[in-house]
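Below: one structure, written as structure tokens.
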Amino acid sequence: MASTYVNDLRLEEIGTGDQSGSWGTTTNTNLELIAEAFSYGSEAIANSSTHTITLADGTSDEARSLYLKCTGGGQACTVTIAPNTLSKVWIIENATSYTLTFSQGTGANVAVLASQVKMIATDGAGGGAVVYDLLTDVNLAGTTVYSALNDGTTTLTSTVAELNILDGVTATAAELNILDGVTSTAAELNYNDTGSAVGTVVASKTVTVDANKDVASFRNITLTGELDAGSLDVSGDADIDGTLETDALSINGTTVTSTAAELNILDGVTSTAAELNLVDGITAGTVAASKAVIVDSNKDITGYRNLTATATITGAEVTATSDVRLKSNIETINGALDKVKAMRGVYFDKNDKRSVGVIAQEMQEVMPEVVVTDDTEDKHLSVAYGNLVGVLIEAVKELSEEVSELRNNVQTIRFEDS
């Protein structure tokens with residue numbers, strides 16, 4: 001009976017009564033081939049779209065090795081393992097620059113990407129043979145130590161501590177999947193390192209963070225849906241494109257008690273950032289010409305500073321601080337009548353409306369104390385009309401004295417004539 005090689009390692013099976021005198025040599029060769037099946041070997045892949053690895057019968061062959069390093073190549077290639085009756089396990093290292101797809105029959109194949117290693121097995125089922133990926137759905141018990149983690153496309157650079165920020169001990173799979181509620185990608189998990197990839201929560205998902213979780217180190221979380229938090233502390237800038245809904249608003253530790261209607265007093269609809277920026281002592285708000293500022297008699301606007309209006313301000317009562325305790329270097333205005341006589345009252349058109357007043361540039365020549373220059377590039381001038389009251393009072397008093405003096409002169413002349 002002739003020798004056969006039908007076993008999975010292609011060892012020579014000696015027929016009964018065969019190889020008299022050489023049986024020991026064949027047996028030793030078989031033992032060496034068995035040892036080779038547990039060794040490290042290599043296979044040069046052809047620069048072609050197909051390549052066949054045929055396990056040699058009864059002779060040394062590196063393709064028989066448990067760990068098989070594939071070199072060479074030059075393009076994506078389908079590697080067929082022959083014969084198709086061979087059932088065996090390999091650890092395949094793809095040292096080429098292209099994907100190698102391992103096949104045996106018409107059944108499923110396994111692709112090994114460039115520079116990656118996979119453990120595969122062939123079932124040797126003949127024409128319909130299947131190649132299996134043996135490390136799919138691997139359950140790793142105990143502690144798993146890794147030097148680099150990659151989802152097939154992106155390398156995760158987060159440290160163990162960063163990945164464990166959810167509960168400070170060990171993050172479960174469900175906790176790591178909070179970003180989209182299904183499966184977090186490498187880019188999504190990579191939100192807490194110094195890289196550019198950040199987590200994005202899709203609109204159809206909800207991010208739920210337990211009150212006991214410390215999320216202070218979260219970085220650049222972009223929400224396209226809703227954020228529902230018991231307490232949200234933003235140390236940097238918050239850019240909100242949509243609607244901000246809040247039960248309480250605090251600015252620098254001070255709770256804002258104004259209602260939505262009170263905050264919208266500037267135009268009765270929607271106040272812009274510039275319009276609301278009236279009372280911060282730094283930047284004065286400007287009310288556009290098309291808007292009217294209406295201050296209800298119940299509103300306290302004592303703290304408003306430098307409110308510039310290019311339209312009309314309507315109020316039940318407008319006062320200016322004039323307490324003597326706030327003033328110094330007080331002097332009576334002399335020559336007030338001459339100053340008033342040097343002033344010019346004019347009619348003029350402004351914003352399609354006929355009005356009356358003075359010209360600020362002319363007032364600078366007479367009473368520069370009542371002229372104010374704004375902070376705009378054009379340096380527009382305005383006049384504090386209320387401050388002219390003091391000049392008018394003294395002018396009237398001077399005019400009254402002149403009238404009294406004229407009356408006395410007239411009476412003296414009449415007395416002398418009589």
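The values are calculated or read from the model by the stated rules, or taken from the named source; none is laboratory data. These numbers come from a predicted model, not from an experiment. Glycine gets a Cβ as well: all are built from the backbone with ideal geometry, and neighbour counts include every protein chain shown.
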*Please specify each residue of segment 105-125 satisfying the condition of being surrounded by 20 or more Cβ atoms within 10 Å (Cβ to Cβ) and either of a type in the set (A, V, I, L, M, F, W, C) or in contact with a helix residue (DSSP H, G or I) (Cβ under 9 Å, 6 or more places away or on another chain) (or both).*
Gly105, Val110, Val112, Ile120
*asked:* Please go through segment 348-377 and give me each residue that is closer than 29 Å to Ile333 by Cα, in contact (Cβ under 8 Å) with a residue 12 or more places away in the chain and of a type in the set (S, T, N, Q), ordered by number.
replied: Gln361, Gln364
*Go through segment 4-28 residue by residue and tally those that are under 16 Å from Ser87 (Cβ atoms) and modelled with pLDDT of 90 or more.*
0
_Residue selected from segment 4-18 under the condition without any contact (Cβ under 8 Å) to a residue 24 or more places away in the chain and out of contact with any Ser or Thr (no Cβ under 6 Å at 6 or more places or on another chain), by the criterion surrounded by the fewest Cβ atoms within 10 Å (Cβ to Cβ)_ = Thr16
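So which residues in segment 359-396 are of a type in the set (Asp, Glu) and more than 15 Å from Asp338 (Cα to Cα)? Working first, answer last.
First pass over segment 359-396, keeping only residues of a type in the set (Asp, Glu): 362, 365, 369, 374-375, 377-378, 394.
Of everything in segment 359-396, those that are of a type in the set (Asp, Glu) and more than 15 Å from Asp338 (Cα to Cα) turn out to be Glu369, Asp374, Asp375, Glu377, Asp378.
Taking segment 126-153 as the search range and keeping residues that are touching a strand residue (DSSP E or B) at 6+ places or on another chain (Cβ under 8 Å) and in contact (Cβ under 8 Å) with a residue 40 or more places away in the chain, which one is surrounded by the fewest Cβ atoms within 10 Å (Cβ to Cβ)?
Of everything passing the filter in segment 126-153, Leu134 is surrounded by the fewest Cβ atoms within 10 Å (Cβ to Cβ).
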*Report the residue count in segment 29-64 for those that are surrounded by 14 or more Cβ atoms within 10 Å (Cβ to Cβ), modelled with pLDDT under 95 and either more than 19 Å from Arg10 (Cβ to Cβ) or hydroxyl-bearing (Ser, Thr, Tyr) (or both).*
1
*With a cut-off of at least 1 residues that are of a type in the set (S, T, N, Q) and in the same structural domain as Glu36 (by TED's automatic domain parsing), name the strands (runs of 3 or more DSSP E) lying wholly within segment 78-145.*
87-94, 100-103, 117-123
